[in-house]
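No value in this document is a laboratory result; all are computed from the given coordinates. Fair warning: this is a prediction, and the values are worked out from it, not measured in the lab. Here the Cβ positions follow ideal geometry from the backbone for every residue, glycine too, while neighbour counts run over all protein chains shown.
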Amino acid sequence: MDFLSPATWAEALAAKAANPDALPIAGGTDVMVELNFDRRRPSALLDLTRIGELTEWGTDGDLLRIGSGVTYARIITELAHRLPGLAMAARTVGSPQIRNRGTVGGNLGSASPAGDALPPLLAAGALVELASTRGVRRLPVAEFFTGPKRTVRAPDELIAAFLVPSHRGPHQFAKIGSRNAMVIAVCSFALALRPVTGEVGTGIGSAGPTPLRAAQAERLLADELPWRTAAVLPEAVVGRFGELVAGAAAPIDDIRGTAAYRRHALSVLARRTLRWAWEEYRREGP
Amino acid sequence: MRVSCRVNGEQREADGVWPGESLLYLLRERLGLPGAKNACEQGECGSCTVYLDGLPVCACLVAGGQAQGREVVAVEGLTGPDGGLDRVQHAFLQAGAVQCGFCTPGLIVAVHDLLARVSTPTDADIREALAGNLCRCTGYEKIMDAVRSAAAMPPSTAAACPASRPGGPR
């Protein structure tokens with residue numbers, strides 16, 4: 001096994017092009033578990049922790065661009081106002097030690113359907129930026145995942161950043177697990193209300209082969225929420241929203257929970273996060 | 001491959017490092033520093049917690065090569081102002097917050113970091129900060145006591161504590 005330690009992004013892209021089997025490592029919170037347990041023996045590790053620009057964030061036109069190497073701890077301390085849903089999810093990741101190392105880029109690269117950052121990125125309409133020596137491309141996060149731990153990333157590509165449109169409005173995230181810390185989600189749900197445009201974003205975690213959107217549930221809220229009057233939530237809409245979110249999931253029975261439990265829990269999380277988000281909208285306006 | 005880094009304030013070098021091995025293995029097996037403990041090897045238990053460039057991390061989840069040129073402080077590197085025990089170590093001894101002791105080094109580093117960030121943590125702060133450190137003896141109440149008493153102890157008075165006098169228990 002080789003240890004490739006590029007000092008610049010250009011060197012990293014060249015190294016990945018020359019060694020497409022090299023496994024990128026940033027915080028190591030997924031990769032090192034696989035190495036420690038002999039589950040994976042890549043030809044090389046490609047260490048991305050010496051590339052300063054991956055740890056930077058800033059604006060790019062109307063988008064917020066966050067380098068793939070920004071840790072969960074920094075999402076919480078530096079970006080909670082701009083990305084409240086992602087920050088809520090980041091607070092539920094692992095433990096302080098894990099949040100000091102783990103990155104959103106790693107969550108995208110590992111592509112576990114249970115990745116905590118992924119539902120909020122779906123709900124926020126985020127883009128993933130992929131780069132190689134051939135060039136750069138950006139695609140919606142909803143088109144990035146193709147299956148459990150599988151993505152459209154080509155072997156010579158690296159994840160440079162993710163980008164989030166700067167929509168105002170309430171964001172929520174909720175996750176089911178056996179304790180508050182160190183839990184892989186049984187299921188999770190993220191919701192983003194965009195009152196200015198009357199749009200809604202959703203993300204379902206750990207209840208399908210990939211993180212999923214609940215498109216019908218989004219349309220229901222966009223059409224039925226009393227945006228203009230900010231009136232009390234109609235109970236019928238809340239109930240229907242829960243049903244549509246549960247219906248959009250494609251869960252399986254596994255060691256963490258049954259498919260039936262996941263669907264039930266998702267309907268509860270959907271109704272709960274909708275009430276929280278709508279209360280915030282009524283309190284603070286768009 | 002060779003890895004050079006500062007460990008507990010000293011420049012150290014390790015040769016023959018396998019690219020897939022962890023910083024924890026490097027510390028314990030190549031540099032002879034067995035303070036950080038090897039238990040779960042998947043970041044669940046926190047018993048290998050060390051500082052890497054000032055942030056507490058699970059050493060089992062850092063590749064050895066990622067420590068090249070970095071600063072590592074493990075439990076052996078924590079000392080009070082007189083070179084004796086740090087106040088957190090002293091408080092753990094005083095409170096009896098050590099049963100089998102396997103989780104203790106990681107807890108000491110995690111608590112040391114907490115108190116550096118939050119001088120008077122609430123119980124909720126303490127539980128949150130230690131959520132990634134498991135004590136399978138389940139001695140959490142004494143650990144909570146130790147953190148509260150360490151927080152009440154100014155770092156500069158650690159020298160006055162009997163256990164941290166030269167010749168006292170180390």
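The GluC sites (Glu not before Pro) of segment A:44-124 meeting both criteria, a DSSP state outside H, G, I, E and B (loop) and at most 15 other C-beta atoms within 10 angstrom of the site's C-beta, are A:56. In plain terms, the residue of B:48, B:137, B:58 with the fewest other Cβ atoms within 10 Å comes first and the most crowded comes last, giving B:137, B:48, B:58.
The trypsin sites (Lys or Arg not before Pro) of segment A:198-264 that meet both conditions, a loop assignment by DSSP and at most 12 other Cβ atoms within 10 Å of the site Cβ, are A:228. Near residue A:161, the amide H atoms lying under 5 Å from its own belong to A:68, A:129; only residues 5 or more places off or on other chains count, and H is placed 1.01 Å from N. Under a 5 Å amide H cut-off, with hydrogens placed 1.01 Å from N, residue A:64 pairs with A:164, A:166 among residues at least 5 apart or on other chains.
Does anyone have the angle between helix A:259-284 and the longest principal axis of chain A? Alpha-carbon axes, 0 to 90°, nearest 10? The helix A:259-284 is inclined about 70 degrees to chain A.
Converting phi to 3J(HN,Hα) with the Karplus coefficients 6.51, -1.76 and 1.60 and the offset θ = phi - 60°, segment A:22-29 yields 4, 8, x, 10, 10, x, x, 6 Hz in sequence order, with x at every glycine or proline. By the helix-only formula, in which each DSSP H run with n ≥ 4 contributes -39500 (n - 2.57) and the sum is divided by residues, the protein assembly as shown has a 222 nm mean residue ellipticity of -9000 deg cm²/dmol. Considering only alpha-carbon pairs that sit under 8 angstrom and 6 or more positions apart, the relative contact order computed for chain A is 16 percent. By other beta-carbon atoms within 10 Å, ranking A:72, B:140, A:281 with the fewest at the front produces B:140, A:281, A:72. Computed over segment A:109-236, the percent of Cα pairs more than 17 Å apart is 62. Compute the whole-percent fraction of alpha carbon pairs in the protein assembly as shown spaced more than 29 Å apart. Considering the protein assembly as shown, 51 percent of its Cα-Cα pairs are separated by more than 29 Å. Let me make sure I get this right: for segment A:246-286, a, b and c are the square roots of the gyration tensor eigenvalues over alpha carbons, sorted descending. Under 1.5 in a/c it's rounded, otherwise prolate if a/b > b/c, else oblate. Which is it? Here segment A:246-286 falls in the prolate category. Per-residue extension of 0.36 nm, minus the Cα-Cα distance of residue B:127 and residue B:2, leaves a gain of 41.1 nm for this segment. Backbone amide hydrogens, once placed in the peptide plane, bring residue A:151 within less than 5 Å of A:146, excluding anything fewer than 5 places away on its chain. Divided by 2.2 N^0.38 Å, where N counts the residues, the Cα radius of gyration of segment A:171-284 comes to 1.05. Look at the Cα gyration tensor of segment B:87-162: its axes a ≥ b ≥ c give a/c of at least 1.5 with a/b at or below b/c, and that counts as oblate. Between helix B:140-151 and chain B there is an angle of about 80 degrees, using the helix long axis and the longest principal axis of the Cα atoms. Estimated from the Cβ-Cβ distance and a Förster radius of 22 angstrom, the FRET efficiency linking residue B:116 and residue B:137 is about 0.25.
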